[in-house]
Amino acid sequence: MNWRKWLDGFVLAGKGILLATKEKRFWYGFIPSFLFFGLLMNLLSGGLSKFELIRIQGFPNGLRIIGESFLNIFGVNKAFLDWLPIFFIAILQGILIGLIVLLWKKKKEQNSANLEKAGIVTGLITLGAGCPTCGTTLITPLIGAIFSTGSLSIAGTISTIVTWLAIIIAILSIKRLGEETYVTIINEQYLAKHAKKEKKELHEKSS
């Protein structure tokens with residue numbers, strides 16, 4: 001493996017993400033995804049116990065549990081080491097969805113003559129990126145159900161491994177999407193600049 005080329009890919013992906021943050025469409029995907037996955041992972045951090053409490057307490061008392069889990073996203077009333085990986089995964093998943101939303105719009109605009117093709121391309125990007133957070137949130141309660149109370153240390157270790165594995169997968173997915181975003185935005189800027197130049201030359205010739 002060419003490590004220099006691989007690391008250059010991360011630099012390019014970082015530039016792509018920076019360019020993406022200047023677009024409103026990126027934030028349309030990032031903010032809802034970050035909040036949704038952050039809330040979901042905090043609700044499932046202890047298995048299905050919080051959902052059981054919500055069911056038992058009903059409305060409106062159950063909303064208090066949801067509210068507390070929402071505040072947990074930002075580290076309120078949560079141990080730092082428990083909060084950090086969940087927050088990091090929610091950030092990464094938000095970036096992933098934000099890039100996918102932005103790329104979908106860009107592909108549609110740049111391939112306006114063939115929207116179906118643009119949709120297929122975006123679908124492949126989505127499948128390729130995957131959803132590391134989905135895997136983490138689904139496996140976490142299963143771990144709690146499989147292991148007994150006496151095996152909490154084992155369950156915690158496996159849950160930690162799954163969480164950090166999800167982070168690695170998310171980072172690699174962001175690298176690929178970030179590179180694609182950079183190429184797409186730079187190409188869009190080039191085409192816009194070229195079209196403006198041609199329009200100016202045409203205007204000068206006509207006058």
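The values are calculated or read from the model by the stated rules, or taken from the named source; none is laboratory data. From a predicted model like this one, the values you see are computed outputs, not experimental measurements. All Cβ positions, even for glycine, are placed from backbone atoms using ideal geometry, and neighbour counts span all protein chains on display. Surface accessibility is based on the protein's heavy atoms, side chains included, excluding ligands, DNA and RNA. Shrake-Rupley method; radii C 1.70, N 1.55, O 1.52, S 1.80 Å.
Laid out as a table, the results:
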item: Condition met for residue 9 (closer than 17 Å to residue 103 by Cα and not hydroxyl-bearing (Ser, Thr, Tyr)); result: no
item: Out of 68, 109, sole residue that is out of contact with any Phe, Trp or Tyr (no Cβ under 9 Å at 6 or more places or on another chain) and at pLDDT 85 or above; result: 68
item: Complete set of residues in the stretch 68-93 that are in contact with a Pro (Cβ under 8 Å, 6 or more places away or on another chain) and not hydrophobic (A, V, I, L, M, F, W, C); result: 93
item: Which numbered condition residue 116 misses (of (1) charged (D, E, K, R); (2) modelled with pLDDT of 85 or more; (3) over 24 Å from residue 9 (Cα atoms)); result: (2)
item: Any hit, the stretch 184-195, residues being open to solvent by less than 70 Å² (accessible area, probe 1.4 Å) and at pLDDT below 80; result: yes
item: Among the residues listed as 54, 66, the single one being hydrophobic (A, V, I, L, M, F, W, C) and either within 30 Å of residue 109 (Cα to Cα) or without any contact (Cβ under 8 Å) to a residue 24 or more places away in the chain (or both); result: 54
item: Top-ranked residue of the stretch 150-183 - restricted to ones that are of a type in the set (Gly, Ala, Ser) and out of contact with any Pro (no Cβ under 9 Å at 6 or more places or on another chain), ranked as modelled with the highest pLDDT; result: 178
